[in-house]
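Data block below; observations after.
Throughout, read-outs are computed from the coordinates displayed, never taken from laboratory work. Computed from a predicted structure; not experimentally measured. Every residue, glycine as well, gets a Cβ built from its backbone with ideal geometry; the counts of neighbours run over all protein chains shown.
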Amino acid sequence: PAHAAPGGDKEVVVHLFQWRWESVAAECESTLGPNGFGAVQVSPPQEHVVLQGEGYPWWQDYQPVSYSLDDTRRGTRADFVDMVDRCEDAGVRIYVDAVLNHMTGSGSVDSGPGSAGSDYTKYDYPGIYQSRDFHDCRRDISDWNDKWEVQNCELVGLSDLDTSSEYVRDRLAGYLNELIGIGVAGFRYDAAKHVPLADVQAINSRLDDVDAAWGGGRPYVFQEVIGDQTIAPGEYVPAGDVTEFQYHRDISNAFKNGDIAHLTGLGGNLVDGEQAVVFVANHDTQRSHPTLTHTDGDRYDLAQAFMLAHPYGTPKIMSSYAWSGSNDTGPPMGSDGETRATDCADARWVCEHREVAGMVGFRNAVDGTSIGDVATGSSGQLAFARGDRGHAAFNATGGAWSRTFDTDLPDGTYCDVANGTFVDGECDGPSYTVSGGSFSAQVPADGAVALHVAAQGEGTG
Ligand code: LAG
Ligand code: CA
């Protein structure tokens, strides 16, 4: 293929939004590796603007000042390198959120220094880019039906790189290759539809192969393409996987409305699952289209669990911090805007990926199977087999769902990984017995039950 598949037999990605590098490393060791997560999407690691007058918003990161990794609000270059190494030792890849389309806009500070001390003004980044490296359309995109404007004018006023230039392509690829040299295994291309496909492909063609630890092949690339009437996500498939926003809308609405019984087949109009990165919510939709987010509690966790159990796409789990008031509010931070270490016991860090950690093993164990026996109750209830390797039931209603499910699972005692984890042979959730091709379960209100062949044994929960 033109591009790599996600992490081998472990494809689940978690977005540890705004986490410090040392906190990501600790999470790889304590939780992500042991539960079988394949990769972490980390927030942009390049030097960014520092907007004290705007309260150090989270979106500082999306305004690059240089490609220095020396000092972001999440740590130093040494911290970043240490994170990549420690996650690799835990079997977890790092995917970097790569901002390729633009540099800075305007804000409370229109000129430097950036987070690592570099001087800049809009269209002038000494030693990196000067005015001639930016597109000439120096105004906001106004007509979103005009593809030329979408790709050549400015996205929310951000200086738009002339990605048709060989120099700019070399610069961008140089940044990505430095990351690959450190051991980064893949990238999310931010705002990919604002970069012409040919330019994305020209950048891809300059990339090195990944570290031997990850098989030495092509880096995994997934592109953020918010499809609309002008640009369909499928257009970017030749350059890598694409984010499937229609899936996000369908799934979050279905779970919000308790209307999930029809979801085995999903809807039409989705890109091929082999090329789709899927999610219930991301850091933008949880702010701008908060259909179903961590603030919805169990119902949202249930949707993320369903996504992990259903075979379509490469699942990306969101891990958020809590905020109130303005959507600009940054993560827990010190008075200088430096992000604090994550503490999942502190309610300011939501850590919702931990609520579905057991389901990651389910996804890994049923790899290669399709949906088998389907059972429904009310419109809010759905259960399905994944071949003879797994069986899961989802209940998006306010009352328990009790029934006996026909299954192809072999006889035995299974850990319920929707309500616990299975690590090193230890099940800390409840367990169920399959006998003669069926099991009986009481699926909790706004909850699930999930059994798979790689998690067998008596539970303690
Ligand atoms: C993305 N994907 O295409 C990111 O997922 C999204 O979070 C980024 O927007 C966007 N593209 C640009 O990389 C975020 C915030 C914006 C913010 C922007 C730049 O959602 O609100 O814009 O990052 O920091 C901010 C202000 C704007 C202002 C702009 C330029 O909110 O009002 O015009 O900065 O100064
Ligand atoms: Ca552009």
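Summary table below
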quantity	calculated
Where a label projected 7 Å from the Cα of residue 164 along Cα→Cβ would reach, residues of the stretch 98-114 with amide N under 17 Å	101-102
Percent of beta bridges antiparallel (DSSP, the stretch 5-115, rounded to nearest 5)	30
Relative compactness, the stretch 143-257, computed as alpha-carbon Rg over 2.2 N^0.38 Å	1.18
Antiparallel bridge percentage (DSSP; both residues within the chain; nearest 5)	60
Residues whose placed amide H lies under 5 Å from that of residue 16, excluding near-sequence neighbours	41
Cα→Cβ-extended label distance, 7 Å offset, between residue 322 and residue 136, nm	5.3
Label-zone membership for the stretch 304-333, site residue 256, 7 angstrom Cα→C-beta point, backbone N under 18 Å	304-307, 318, 327
The chain: calculated mean residue ellipticity at 222 nm from DSSP helix runs of at least 4, using -39500 (n - 2.57)	-5500 deg cm²/dmol
Ranked packing of 214-224, 130-140, most packed first, by mean Cβ within 10 Å	214-224, 130-140
Residue 347-residue 378 pseudo-label distance in nm [points 7 Å out on the Cα-to-Cβ vector]	2.9
Relative contact order %, the stretch 371-452, counting alpha carbon pairs below 8 Å whose residues are six or more apart	34
Debye, to nearest 20: dipole size of the stretch 44-165, +1 on Lys, Arg Cβ, -1 on Asp, Glu Cβ	60
Ranked by how many other beta carbons lie within 10 Å on average, peptides 264-276, 195-207, 36-48 from highest	36-48, 195-207, 264-276
Electrostatic dipole magnitude of the stretch 371-452 [Cβ: Lys, Arg +1; Asp, Glu -1; Cα centre; debye, to 20]	260
All lysines inside 16 Å of residue 316 as judged from Cα atoms, apart from same-chain residues fewer than 8 positions distant	10
Anisotropy class of the stretch 371-452 from Cα gyration tensor, a/c 1.5 cut	oblate
5 angstrom amide H check on residue 447, placed H, neighbours 5+ away	395, 397
Unit charges at the beta carbon, dipole of the chain: most positive-side option, 393, 243, 317	393
Test item: Cα-centred dipole of the chain, Lys/Arg +1 and Asp/Glu -1 on Cβ, debye	560
Cα gyration tensor, the stretch 190-343 - rounded (a/c under 1.5), prolate or oblate	oblate
Burial ranking of peptide ranges 428-434, 235-241, 365-371 (average Cβ count within 10 Å, highest at the top)	235-241, 428-434, 365-371
Point-to-point label distance, residue 411-residue 426, nm (Cα→Cβ direction, 7 Å offset)	3.1
